[in-house]
1. Please give the Cα centre distance for region 65-98 versus region 30-50, rounded to the nearest Å.
2. For region 121-135, what does the Karplus curve 6.51 cos²θ - 1.76 cosθ + 1.60, with θ = phi - 60°, yield as ³J(HN,Hα) per residue in whole Hz, taken in order and with x for Gly and Pro?
3. Output wanted: per-residue J couplings in Hz (rounded whole) for region 43-48, from phi through Karplus 6.51 cos²θ - 1.76 cosθ + 1.60, θ = phi - 60°, x for Gly and Pro.
4. Let me cross-check Arg105: its accessible surface, 1.4 Å probe, with only protein heavy atoms counted, in Å² to the nearest 10?
5. Given a 1.4 Å probe, how much area per residue of region 73-163 is accessible, in Å²?
6. 5 Å is the cut-off here: which amide hydrogens, built 1.01 Å from N in the peptide plane, fall below it relative to Gly104, excluding neighbours closer than 5 in sequence?
Amino acid sequence: MLPRSGRRRAAKGSPVSVEKLDPPRDVVDEPSLRRTVLAASVGNFVEWYEFAVYGVVAAFISQAMFPTDDPTAAMLNTWAAYGISFLARPIGGVILARLGDRYGRRHILYVTITLMSIATFSIALIPSYSTIGIAAPLLLICARVAQGIAAGGELAGAAAFLYEHAPADRR
């Protein structure tokens, strides 16, 4: 396991210095930096695209996931479910940033994209309120919380990932 700084330590009594194991991050080749920025940008775009799709189809979600006897209440409930995901973002940022420190940011960024995709896909698979009753909005809320956790973790993880890969003079 790597220490928090991301640098490898030489074994006690070993003649190998830390510098020989890990070169300084001050010199970053331009193609590598461009790939890193592109990957983080594409990941961020995918995360927020999937997050925003909910807002675009909110009218359809309100008719399918909530009782239709009061359309205004159904729409308000739909937007409340949308808002719940924003409350989950800080939780995702804290939890997934901590995991990123421990296991590596790249792996956690893959986890956030996967979590967001699974949550988005699961919303499409939830049966309607007329089919399963109150379980439909509850499953919707669970999926939205998962999307919020993923969005918060992706934002914090991508920012730290880009910072760690930036040249020292451009941080």
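The values are calculated or read from the model by the stated rules, or taken from the named source; none is laboratory data. The shown structure was predicted, so the numbers you read here are calculated from the model rather than taken from an experiment. Just so you know, the surface numbers come from the protein's heavy atoms only, side chains and all, with ligands and any DNA or RNA stripped out. Shrake-Rupley method; radii C 1.70, N 1.55, O 1.52, S 1.80 Å.
1. 26 Å
2. Residue by residue, region 121-135 yields 5, 5, 4, 5, 8, 5, x, 6, 4, 5, 8, 10, x, 5, 5 Hz.
3. x, 5, 4, 4, 4, 6
4. 40 Å²
5. Numbers: 4660 Å² over 91 residues.
Ligands and nucleic acids excluded, the figure is 51 Å² per residue.
6. Counting only residues 5 or more places away or on other chains, the set is empty.
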